[in-house]
1. Could I have the simple spin-label model distance between His116 and Ala32, label points 7 Å from Cα toward Cβ, reported in nm to one decimal?
2. 5 Å is the cut-off here: which amide hydrogens, built 1.01 Å from N in the peptide plane, fall below it relative to His235, excluding neighbours closer than 5 in sequence?
3. With unit charges on the beta carbon (Lys/Arg positive, Asp/Glu negative), name the residue among Val77, Ala93, Thr211 whose Cα is farthest towards the positive pole of the charge dipole of the chain.
4. What's the extension gain from Ala125 to Ser80 if we count 0.36 nm per residue and subtract their Cα-Cα distance?
5. Peptides 82-88, 45-51: what's the order by average Cβ count within 10 Å, highest mean first?
6. So for each of 184-196, 112-124, 270-282 I average, over its residues, the number of other beta carbons within 10 Å; can you give me the resulting order with the highest mean first?
7. Please list the non-local residues whose amide H lies under 5 Å from the amide H of Thr132, H modeled 1.01 Å from N, same-chain partners needing a gap of 5 or more.
Amino acid sequence: MDQRIADLLGLLELETLEVNLFRGESRDIGSAQVFGGQVLGQALNAASRTVTGRMVHSLHAYFLRRGDVNAPIIYQVDRSRDGHSFSNRRVIAIQHGEQIFNMTCSFQVEESGLEHQVPMPQVPAPEGLADTSRVAPQLLEQLPERVRRLLETARPFEFRAVQPLDARPAPGHGPARQVWFRAVAQVPEEQTLQRVLLAYVSDFHLLETATQPHGISHLSGKAQVASIDHAMWFHRPLRVDDWLLYDVESPSASGARGFARANVFSRHGILVASTAQEGLVRLPGPPR
């Protein structure tokens, strides 16, 4: 197995401390705090460990405090309800005695019903696009040191952006972008793991869509950008080790917050998931 994938699977695995109580390790990927996708993936794994015969179909999460990469995270799962068809779980993530994150998620038994979906946008195939997982040296030279460290860290996912990345974008770009992504190597087929991995990677490329109409790139390091909440809906079975298209748009930015939503399509045009996120987008200025 590719070492980057092995490391990610090990990171998302949890130690059972007691019934409904789990501990996860943190990983420094070059950011100033624990990566939000790590907490999402670990929390979803914790909730899934308390459910049998049902698959997660939605989650709603809030990031309350910055996570400390040098400390483990404790996940406490509340088994809110187990009904005939649905199960509901609430997860609280704790560090240093304080909540840093909470999430509610819902699981459902497999059922058949009505079927429809929106079409996938017409975009170039990933094979003809540049790998944006590795930033060009000339672009890295334009970036602050802390941003370079983040971008130079080896990632378990490959990204190919339809729109080129720009450290100094011109104002006026539309608030939308499309990015192909996939795991760098094959991962186990088990669907719960596939959805945990999608939760992990879904935290990339969302909020930056809210800043690009204003000529601000998350790569510049000039704006304070942080996730506030994150929601996901899983529509159909998926594979993160085959190409998926992240079709992202930002309908609004206001009040020092940016909002983005996205659909996730398989390379064959099947809508497998949707996401939404609001985050802090604060520009430098006088002390508040």
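A short reminder: the numbers here are calculations on the coordinates, not readings from a lab. Since this is a predicted model, take the numbers as computed values, not measurements. Glycine gets a Cβ as well: all are built from the backbone with ideal geometry, and neighbour counts include every protein chain shown.
1. Between His116 and Ala32, the simple spin-label model gives 4.6 nm.
2. For His235, the qualifying residues are Ala273, Ser274.
3. Thr211
4. 11.9 nm is the gain from fully extending Ala125 to Ser80.
5. Highest-to-lowest ranking by the protection proxy: 45-51, 82-88.
6. 270-282, 184-196, 112-124
7. Correct list: Phe159, Arg160, Ala161.
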